[in-house]
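Worksheet for the structure shown next.
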Ligand code: ADP
Ligand code: NI
């Protein structure tokens, strides 16, 4: 691969690579999740004045080492799939480090666990990923993930867990409706950028409506 690739060529190669990695995913982390996060991240980056190349690369590679998909990967210390790719396309060490640093800050780590970001680029990618976890798409993804992990839709006797650590979050395996209380309904107040806060509010309102309808059909009080 030539080392003279420009940023556009690097992004294009990365798109093809990531597509091939997640083509067969059925947990809600398929290529079109990555595509939506990439597009949203680009538009947030433009609105917020973030470095577009770094944001695009981190958005495209943000789930290639995710613990939910590659449970043996130690995301605290290294991102073998993303770093292997960046190395293979001979991205400069500085840029590699910057992209990996953003990816490390994206993931949700539990209801009671803070996930601060250290740059506008990380803030934008985290917001874009979280916007795709809420609203109608978020509802669809949550049930797809729950099904892929053999979780039941709703246990009326269940109770959400307010995880105090990332470990506790990783081990939780409740019903999918509980996941709304453990993550999805918390996200609107955890958006970083103003643009994402506004989008999140509409998507949040839709999830509230969805839950009202869901409980209504069950014939139970919320
Ligand atoms: P993050 O890195 O913040 O977890 P992802 O892009 O990997 O974000 O997507 C996480 C999505 O996976 C959630 O938004 C949800 O749709 C799904 N998910 C994760 N855990 C659960 C769960 N326990 N029950 C249902 N869905 C879940
Ligand atoms: Ni994601």
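Which residues, taken from the range 43-66, are on the phi < 0 side of the Ramachandran plot and more than 15 Å from ligand 2 (Cβ to nearest atom)? Outline the logic, then answer.
Residues of the range 43-66 on the phi < 0 side of the Ramachandran plot: 43-48, 50-66.
The answer is 43, 45, 46, 47, 48, 50, 51, 52, 53, 54.
Could you figure out which of (1) within 23 Å of residue 69 (Cα to Cα); (2) out of contact with any helix residue (DSSP H, G or I) (no Cβ under 7 Å at 6 or more places or on another chain); (3) at pLDDT 95 or above isn't true of residue 208?
(1) is the only condition that residue 208 fails.
Restricting the range 31-63 to residues that are outside any helix (DSSP H, G or I) and more than 11 Å from ligand 1 (Cβ to nearest atom), which is surrounded by the most Cβ atoms within 10 Å (Cβ to Cβ)?
Pass one, the range 31-63, residues outside any helix (DSSP H, G or I): 49-51, 62-63.
Now narrow it down to the ones that are more than 11 Å from ligand 1 (Cβ to nearest atom): 49-51.
On the way: 49: 9, 50: 22, 51: 17.
Among those residues, the one meeting the criterion is 50.
When you scan the range 141-155, do you find a residue that is loosely packed, with under 15 Cβ neighbours inside 10 Å, closer than 23 Å to residue 103 by Cβ, more than 16 Å from ligand 2 (Cβ to nearest atom) and modelled with pLDDT of 95 or more, even just one?
Within the range 141-155, not a single residue is loosely packed, with under 15 Cβ neighbours inside 10 Å, closer than 23 Å to residue 103 by Cβ, more than 16 Å from ligand 2 (Cβ to nearest atom) and modelled with pLDDT of 95 or more.
Go through the range 14-27 and give me each residue that's surrounded by 16 or more Cβ atoms within 10 Å (Cβ to Cβ) and either farther than 19 Å from residue 137 by Cα or modelled with pLDDT of 95 or more (or both).
From the range 14-27, those surrounded by 16 or more Cβ atoms within 10 Å (Cβ to Cβ) are 14-15, 17-18, 21-22, 25, 27; that's our starting set.
Matches in the range 14-27: 14, 15, 17, 18, 21.
Of the numbered conditions (1) farther than 26 Å from residue 210 by Cα; (2) in a helix (DSSP H, G or I), residue 115 satisfies every one except a single condition; which is it?
The single condition residue 115 does not satisfy is (2).
Spot the failing condition for residue 79; the list is (1) within 11 Å of ligand 1 (Cβ to nearest atom); (2) at pLDDT below 95, and only one is missed.
(1)
Within the range 92-104, is even one residue over 27 Å from residue 193 (Cα atoms) and either assigned to a loop (DSSP other than H, G, I, E, B) or in contact (Cβ under 8 Å) with a residue 24 or more places away in the chain (or both)?
The answer is yes; a qualifying residue exists.
For the range 2-16, what are the residues that are part of a helix (DSSP H, G or I) and more than 16 Å from ligand 2 (Cβ to nearest atom)? Working first, answer last.
Of the residues in the range 2-16, the ones part of a helix (DSSP H, G or I) are 7-16.
Hits for the range 2-16 are 7, 8, 9, 10, 11, 12, 13, 16.
Considering the range 163-186 alone, what residues qualify as being surrounded by 13 or more Cβ atoms within 10 Å (Cβ to Cβ) and more than 15 Å from residue 211 (Cα to Cα)? Before the answer, list the steps.
Looking only at the range 163-186, we keep the residues that are surrounded by 13 or more Cβ atoms within 10 Å (Cβ to Cβ), and these are 163, 166, 168-170, 172, 174-186.
Correct list: 163, 166, 168, 169, 170, 172, 174.
Do we have residue 128 as within 11 Å of ligand 1 (Cβ to nearest atom), at pLDDT 95 or above and under 30 Å from residue 216 (Cα atoms) here? Don't jump to the end; show me each part of the working.
On the way: within 11 Å of ligand 1 (Cβ to nearest atom): yes; at pLDDT 95 or above: yes; under 30 Å from residue 216 (Cα atoms): no.
It is false that residue 128 is within 11 Å of ligand 1 (Cβ to nearest atom), at pLDDT 95 or above and under 30 Å from residue 216 (Cα atoms).
Quickly run through the range 100-114 and pick out the residues that are within 13 Å of residue 65 (Cβ to Cβ) and away from ligand 2 (no atom under 15 Å from the Cβ).
100
The values are calculated or read from the model by the stated rules, or taken from the named source; none is laboratory data. What you see is a predicted model, and the numbers here were worked out from it, not measured in a lab. Virtual Cβ from ideal backbone geometry, glycine too; neighbours counted across all protein chains shown.
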